[in-house]
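**Student:** If you scroll down you'll find the structure; I have some questions about it.
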Amino acid sequence: MTADRAAAKPMKSLDDALAQLLAHATVLDGVDQVPTFDADGRVLAQDLVSHLHVPPQDNSSMDGYALCCADLTDLARVLPVSQRIPAGSAGTALAPMSVARIFTGAPIPLGADAVVMQEDCEVQPDGSVCIKALPKPGQWIRRAGEDVTRGAVVLAKGARLTPAELGLAASIGMDVLTVARRPRVALFSTGDELVMPGAVAPEHMPPGAIYNSNRFFLKALLKRLGCEVSDLGIVPDQRDATIAALRGAAEHHDLILTSGGVSVGEEDHIKPAVQSLGHLDLWQIAIKPGKPFAYGRVADAHFIGLPGNPVSSFVTFLLLVRPFLLRLQGAAQWAPTSVAVRADFTWPRADKRREFLRVKRNPNGGLDLFSNQSSGVLTSAVWGDGLVDNPPGGTVVPGDVVRFIPFSELLG
């Protein structure tokens, strides 16, 4: 097929491209046993079942006095203190017509059915307590199993673990968790114009050279997704060098990820190199920024090629590579949540592609637009705190309600 005919192929919608990509993402074999302390961001490989109630017994949610409501007949009842129950200890059965001094988290003694917080009590000179507020049965008592019941699935297989989930796992006694194996990803860039920061001082940069920024944010994004990353550097724009890099990367990795070199120019060697070792589909995806995207196989490894422009590479990673990597780990949830937000900007230029505009929330609850939406302006992604998902042919005027995807939904 000639380059002209390839360029004339209909563009693929983002939804179709994502569905086709995820169809290739079978869950990786193998699991890891990791300490709960170290499991942040990992994906559970099996259901987490509680073997106890949380809390394990009825306990006080306040510092105060445990009592039996039936022992009180008026608001000025004075009762002796029969015992003291701090957290971490167990009291004895409550003596009739008495109260127990109790502290937050301490077990409720047998015979007590309420707690009066200490602010509603007055200690008398003889040590007895005047109850100034008449309680109701169950007041300030946390019931056994109120949070988690014995036998309940507290976290399902495929859950991506966050700090809250780690705390919940610890609350049922789990010090080690069974999680999906980390994807092994080989990362490299192509392009003779690329220079690594530190290799050449800015004032000595040759004409046409640019610093390689894509590898820095791609490596960080991969690590946030729990991947083991091998950074293979910059591969020269030479067919033999590209083939050698791909062949070596395929031996010990689940995914090879590149940026640049996935178009049809004479110096773009990724496509023929991958095809010589496996197979490759070069997609033109109807999104902006983005569009050129490649998926294929090199031996047993997946291959994904991202566009070279930094914002295109950044956005296509978030929209396509991120869900692919989560699916490899068996994650049940990978789609970001969008919210309806008021636009405080104008976007008059309708495009046939689905656009992802870099925006930022303003103090008035609306969204402001970065002034330059070029795919080469990485400052737009730094300034913004999310993307507006603008449909094909869509324009925006102030006051329109748009679909906003916060970066917080995409960057982890």
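The values are calculated or read from the model by the stated rules, or taken from the named source; none is laboratory data. For clarity, every value in this text was computed on a predicted model and none was experimentally measured. Neighbour counts run over all protein chains shown; Cβ positions are idealised from the backbone, glycine included. What goes into the accessible areas is simple: the full protein's heavy atoms, side chains included, and nothing from ligands, DNA or RNA. Shrake-Rupley method; radii C 1.70, N 1.55, O 1.52, S 1.80 Å.
**Student:** If I build a Gaussian network model for the chain, linking alpha-carbon pairs within less than 10 angstrom, which residue out of Ser380, Ser98, Ser89 has the largest mean-square fluctuation?
**Tutor:** Fluctuation is largest for Ser89.
**Student:** Within the range 320-362, which trypsin sites (Lys or Arg not before Pro) sit in a loop by DSSP and count at most 10 neighbouring Cβ atoms inside 10 Å?
**Tutor:** Working: sites: Arg327, Arg342, Arg349, Lys352, Arg353, Arg354, Arg358, Lys360, Arg361; in loops: Arg349, Lys352, Arg353.
Passing both the DSSP loop test and the Cβ count: Arg349, Lys352.
**Student:** Label points 7 Å out from Cα along the Cβ direction at Arg150 and Ala95: separation in nm?
**Tutor:** Placing both labels 7 Å beyond Cα along the Cβ direction yields 3.3 nm.
**Student:** Among bridges DSSP assigns within the chain, what percent are antiparallel (round to 5)? Before the final figure, lay out the partial values.
**Tutor:** Working: 53 of 81 bridges.
If I count the DSSP bridges inside the chain, around 65 percent turn out antiparallel.
**Student:** For Ala70 and Arg403 in the same chain, what is the full-extension length gain: residue separation times 0.36 nm, less their Cα-Cα distance, in nm?
**Tutor:** Difference between extended and current length: 114.2 nm.
**Student:** So which of Lys12/Lys352; Lys9/Lys271; Lys219/Lys288; Lys219/Lys271 end up more than 19 Å apart by C-alpha? The partial results should precede the final answer.
**Tutor:** Numbers: Lys12/Lys352 12 Å; Lys9/Lys271 17 Å; Lys219/Lys288 23 Å; Lys219/Lys271 22 Å.
Check vs 19 Å cut-off fails for Lys219/Lys288; Lys219/Lys271.
**Student:** Taking Lys157 as the anchor, which lysines have their alpha carbon closer than 26 Å to its alpha carbon, excluding any fewer than eight residues away along the same chain?
**Tutor:** Within the straight-line limit of under 26 Å, Lys157 reaches these lysines: Lys223.
**Student:** As an exercise, use a Förster radius of 51 Å and the Cβ-Cβ distance of Asp300 and Gln57 to find the FRET efficiency, rounded to the nearest 0.05.
**Tutor:** Details: r = 53 Å, r/R0 = 1.04.
Rounded to the nearest 0.05, the efficiency is 0.45.
**Student:** Among Val195, Ala156, Leu222, flag the residue with its Cα farthest along the positive direction of the charge dipole of the range 152-222, charges on Cβ as +1 for Lys/Arg and -1 for Asp/Glu.
**Tutor:** In the range 152-222, that residue is Ala156.
**Student:** As a test question: what accessible area, to the nearest 10 Å², does Trp140 have when a 1.4 Å probe is rolled over all protein chains in place?
**Tutor:** We get 100 Å² for Trp140.
**Student:** Could I ask something else about it? Can you put Cys227, Cys68 in order of accessible area, largest first, using a 1.4 Å probe? Write out the running numbers ahead of the final one.
**Tutor:** Values: Cys227 5, Cys68 30 Å².
So, going from the largest accessible area down, we get Cys68, Cys227.
**Student:** Sticking with this one: Taking amide H atoms as placed 1.01 Å from N in the peptide plane, list the residues 5 or more away in sequence, or in a different chain, whose amide H sits under 5 Å from that of Met62.
**Tutor:** Hits under the 5 Å cutoff: Gly105.
**Student:** Another question about this same structure. What's the carbon and sulfur percent of the chain's accessible surface, probe 1.4 angstrom, rounded to a whole number? Each step should come with its number before you reach the end.
**Tutor:** Values: 10410 of 19390 Å².
Summing carbon and sulfur atoms, their accessible area is 54 percent of the total for the chain.
**Student:** Now for a separate question. Grab the DSSP H runs of the chain that are 4 residues or longer, score each as -39,500 (n - 2.57), total them, divide by all residues and round the 222 nm result to the nearest 500 deg cm²/dmol.
**Tutor:** Values: 9 runs with 74 residues, N = 412.
-5000 deg cm²/dmol, from helical runs alone.
**Student:** Relative to the Cα centre, what is the charge dipole magnitude of the chain, using +1 at the beta carbon of each Lys and Arg, -1 at the beta carbon of each Asp and Glu, and rounding to the nearest 20 debye? Walk me through the numbers before you get to the answer.
**Tutor:** Numbers: 38 positive and 43 negative charges, 156 e Å.
In total the dipole reaches around 740 debye.
**Student:** Let me ask something else about it. Return the aspartates and glutamates within reach of Lys132: Cα separation strictly under 20 angstrom, same-chain partners fewer than 8 residues apart disregarded; answer none if there are no such residues.
**Tutor:** The reachable aspartates and glutamates, counting only those whose Cα sits under 20 Å from Lys132, are Asp63, Asp71, Asp74, Asp113, Glu119, Asp120, Glu122.
**Student:** Under 15 Å from a point 7 Å along the Cα-to-Cβ line of Ala199: which residues of the range 211-230 have their amide N that close?
**Tutor:** 211-216
**Student:** Amide H neighbours of Ser13 under 5 Å, counting only residues 5+ apart in sequence or on other chains, H built in-plane at 1.01 Å?
**Tutor:** Ala286
**Student:** Give me the extension gain from Ser276 to Glu119: residue separation times 0.36 nm, minus the current Cα-Cα distance, reported in nm with one decimal. Mind dumping the intermediate values first?
**Tutor:** Values: separation 157, 0.36 × 157 = 56.52 nm, distance 7.83 nm.
This chain segment gains 48.7 nm when fully extended.
**Student:** So, for the chain, what is the accessible surface per residue at a probe of 1.4 Å, expressed in square angstrom? List each step's numbers first, then the result.
**Tutor:** Numbers: 19390 Å² over 412 residues.
Value returned for the chain: 47 Å² of accessible area per residue.
**Student:** Next question, about the same structure. Could you pull out every residue, at least 5 positions away or on a different chain, whose amide H is within less than 5 Å of the one on Phe345? Hs are placed 1.01 Å off N in the peptide plane, and Pro or chain starts have none.
**Tutor:** Gly399
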